[in-house]
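The values are calculated or read from the model by the stated rules, or taken from the named source; none is laboratory data. Please read these numbers as outputs of a predicted model, since none were measured by experiment. Glycine gets a Cβ as well: all are built from the backbone with ideal geometry, and neighbour counts include every protein chain shown.
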Amino acid sequence: MTLDKRVSAAGEDGPSPITFRLDPASGVPTYLQLVHQVEHALRLGYLQRGDRLPKVREVVSTLAINPNTVLKAYKELETKGLTSGRPGQGTFIDGAVAQSTLPELTVLRRSLRTWFEQANAAGLDEDGIVALVTSSLRDFLERREPEPARGEQSAPRRRKGGAA
């Protein structure tokens, strides 16, 4: 079972739409876990331009981590062009990452839920599910066509689920 620590923010501007979770057993540095969670929330549409991230002191007090860790994560997000700090107000989402449309996400989430139920019925625990998903994703990424380099023309792609 994974230990989960969470933080969400509430402030003058209202609550932050993101809840941070830390997995100390993941092997991923804490600051990168925060960065990845913001990127995932953007990709899934949970965060949008103008949303405020939890303030550094809120994250520190709730997750019991070093303020420099949170500052490093927020600086990384700023370097990537995803956020900007506003003195006295906090850190806000300024950028975006590629995301699927809401109907596509709903269908995929429903499909995943069914798959998770099947995996659970087959006797897989959380670690087994993560291992299977991770290895399957790795296999998929290794087998798909590489992305063209910048400036190169790409061949037309097949539409998902359609005929060639």
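Checked against the criteria, Thr101 does not count as loosely packed, with under 11 Cβ neighbours inside 10 Å, of a type outside the set (Lys, Arg) and at pLDDT 90 or above. Taking Arg138 as the residue in question, decide whether it is within 27 Å of Ser26 (Cα to Cα), assigned to a helix (DSSP H, G or I) and at pLDDT below 90. Yes, satisfied. Please go through segment 39-69 and pick out each residue that is under 16 Å from the mean Cα position of the chain (by Cα) and in a helix (DSSP H, G or I). Result: Glu39, His40, Ala41, Leu42, Arg43.
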